[in-house]
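> Right, I'll just put the structure down here and ask away after.
Readers should treat all values here as calculations from the given coordinates under stated rules, not as data from a laboratory. Note that the coordinates shown come from a computational prediction; the quantities given were computed from them, not determined experimentally. Quick reminder, even Gly has a Cβ in these numbers, built from the backbone with ideal geometry, and neighbours come from all protein chains shown.
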Amino acid sequence: MASILIASTPIHGHVVPLLTVAAHLVERGDRVRVITGSRFAAKVEATGAELVPLPTEIDFDDRQDWNQTFPERASLKGSKAVAFDIEHIFIGPARAQHAALAAAHAREPADAALLDPAYAGGALLLGQGAATRPPVIVCGILPLTLSSRDTAPVGMGLPPFPGPIGRMRNAVLAMLVGRLVLDRADALAAEQYRDVHGGAMPFAVMDWMRHAEAIAQFTVEEFEYPRSDAPATLHFTGPISASGSAAPLPEWWTDLDGSRPVVHVTQGTIANKDYRQIIRPALEGLAHEDVLVVVSTGGRPVDTLPPLPANARAAEFLPYDDLLPLTDVYVTNGGYGGVQYALKHGLPIVTSGGQEDKPEVAARVAWSGVGLRVKGENPSPAAVRKAVLAVLEDPRYREAAGRVASSMERSGGLPQLATLVDALIERRAT
């Protein structure tokens, strides 16, 4: 039996896939402790793992609007808002995150630590000597953030541009992002590292995962940009996700009778407060089309939705393992986990740009050929309608999604991740 630490920022989309990992490791007999926000206590305990709550000062509730949690952010837009988020939401908590990891390891030595890539305390953990810390596996619950000469800086939503001109573009953009967006975050990370370890940080904090013992990216290579300079420690495990929601079938379920294409629309469970991101424009844009629009609110009351046209149905939650085999197009604001689950079912995708990591997800949807992205955080109904009809009519999108699904079926998933954990533990032991 191994002792495993899992650590995640207290954000729903980061925590949930790692709880799937926790449940698998517990089931095979491992001792698992999960460091994350206190609001996830019941979900952690349901896996059989033990919750180690984050220190109070960094234990925020992601269900609140960021502008409520951080009032000084409200007036910021564009690159200034991005810079604020990186500095305050992700880099700022690093020292306290590291302290939580170190304390948990001191109480009970861990054989391995599985970390959310946004858990910047991992960068400080790597500053310890290898003999005094567990081997670190970064779990890729977000689009891969590894810097590369072959890709634009993460967050810009730009697909690769091949050849020397593309690499020149990437270098220039990396320089600009470093100055305009990451300057304060890098300085803050360097200050924290110096306070903890007494020396200069030997790597860029946003690229800390490159220096971990392993990176387990929760997708397949077909859905991630190729990087000629990627480390040998990068592994693609395929999607690591729980089975679809066990929600009861709604009374309108028999309307999914195959008589017309089904378009499923969702904004996930957190970024679902502003229906303009994709739900409203999809309902309005497809209102007069011969399709059945099926909306999941992600837990919000159905009566918070805009008026439903005659060809729309809605529920707070839907059983995905039952719904997705009946679905023809998956329409989303770009949540990474949801997109992976849709691709696992071979579904073509239409996505808006969204916020946070969602522009990167949308860019990969278009680059991989599995669907179309609609520009803007609040796309127009006409743009969503055009994209959905194009994906329905052109078989190339479903064919590309089918190829990704086949690759996912061949991937190792949770057993592959567990094997990677075991190999690192065994290597450390020898």
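> Based solely on its DSSP helices, what 222 nm [θ] is calculated for the chain when runs of n ≥ 4 H residues each add -39,500 (n - 2.57) and the sum is averaged over all residues, nearest 500 deg cm²/dmol?
Value at 222 nm, helices only, nearest 500: -11500 deg cm²/dmol.
> Multiplying the sequence separation of residue 27 and residue 80 by 0.36 nm and subtracting their Cα-Cα distance, what value in nm do you get?
On the way: separation 53, 0.36 × 53 = 19.08 nm, distance 4.42 nm.
Residue separation times 0.36 nm, minus the Cα-Cα distance, leaves 14.7 nm.
> Collect residues whose amide H, placed 1.01 Å from N in the peptide plane, falls under 5 Å from the amide H of residue 371; neighbours closer than 5 in sequence don't count.
For residue 371, whose amide H was placed from the backbone, the distant partners under 5 Å are 349.
> Once Cα extents along the principal axes in Å is worked out from the coordinates, which option in (1) 153, 76, 54; (2) 64, 49, 42; (3) 70, 63, 43 does it equal?
Computed from the coordinates, Cα extents along the principal axes in Å corresponds to (2).
> Follow-up question, since we're still on this one. Just to be sure I understand: with springs between alpha-carbon atoms less than 10 Å apart, which residue in 201, 408, 209 has the highest mean-square fluctuation in the Gaussian network model of the chain?
201
> What size of dipole, in debye to the nearest 20, comes out for the chain about its Cα centre when the only charges are +1 on Lys and Arg C-beta atoms and -1 on Asp and Glu C-beta atoms?
Details: 39 positive and 48 negative charges, 183 e Å.
With Lys and Arg at +1 and Asp and Glu at -1, about 880 debye.
> With θ set to phi - 60°, apply the Karplus curve 6.51 cos²θ - 1.76 cosθ + 1.60 along the range 26-39 and write out the HN-Hα couplings as whole Hz, x wherever there is a Gly or Pro.
Here the 3J(HN,Hα) series is 4, 4, 8, x, 7, 8, 10, 10, 10, 8, 6, x, 5, 5 Hz.
> Specify the inter-centroid distance of the range 405-422 and the range 137-159, based on alpha-carbon positions, in whole Å.
Taking the Cα centre of the range 137-159 as reference, the centre of the range 405-422 is 21 Å away.
> Related question: If packing is taken as the average count of other Cβ atoms within 10 Å, what order do 371-378, 326-333 fall into, highest mean first? Can you show the working numbers first?
Values: 371-378: 19.8, 326-333: 24.8.
Result, highest mean Cβ count within 10 Å first: 326-333, 371-378.
> Based on the Cβ-Cβ distance from residue 249 to residue 423, what FRET efficiency comes out when R0 is 41 Å, to the nearest 0.05? Numbers along the way, then the final one.
Working: r = 42 Å, r/R0 = 1.03.
After rounding, the FRET efficiency stands at 0.45.
> Once phi is turned into θ = phi - 60°, what whole-Hz ³J(HN,Hα) does the Karplus curve with 6.51, -1.76 and 1.60 give for every residue of the range 340-357, x standing for Gly and Pro?
In residue order, the calculated couplings are 4, 5, 5, 5, 4, 8, x, 8, x, 10, 10, 9, 8, x, x, 10, 6, 8 Hz.
> Could you size up the charge dipole of the range 365-419 around its Cα centre, putting +1 on the beta carbon of Lys and Arg and -1 on that of Asp and Glu, and report it in debye to the nearest 20?
On the way: 8 positive and 5 negative charges, 23 e Å.
In debye, rounded to 20, the range 365-419 gives about 100.
> The range 33-49 to the range 262-305: how many Å between their Cα centroids?
So the separation of the two Cα centres works out to 30 Å.
> Still on this model: So what's the net charge close to residue 347: Lys and Arg +1, Asp and Glu -1, counting the other residues with Cβ under 10 Å from its Cβ? The partial results should precede the final answer.
Numbers: positive: 344, 398; negative: 328.
With Lys, Arg at +1 and Asp, Glu at -1, the neighbours total +1.
> Rounded if a/c is under 1.5, else prolate if a/b beats b/c, else oblate: with a ≥ b ≥ c from the C-alpha gyration tensor eigenvalues square-rooted, which is the range 60-160? Could the numbers behind the result be given before it?
Values: a/c = 2.63, a/b = 1.41, b/c = 1.87.
Verdict is oblate for the range 60-160.
> Once phi is turned into θ = phi - 60°, what whole-Hz ³J(HN,Hα) does the Karplus curve with 6.51, -1.76 and 1.60 give for every residue of the range 384-394, x standing for Gly and Pro?
For the range 384-394, the Karplus-derived couplings read 5, 4, 4, 5, 5, 5, 4, 5, 5, 8, 9 Hz, x marking Gly and Pro.
> So what's the projected area for the range 253-410, the Cα convex hull averaged over all directions, in nm²?
Numbers: hull surface 32.9 nm².
For the range 253-410, averaging the hull's shadow over all directions gives 8.2 nm².
> Then there's this: Quote the charge dipole size of the range 67-141 about the Cα centre in Debye, to the nearest 20; the model charges only the Cβ of Lys and Arg (+1) and of Asp and Glu (-1).
Working: 6 positive and 6 negative charges, 36 e Å.
The dipole of the range 67-141 has a size of about 180 debye.
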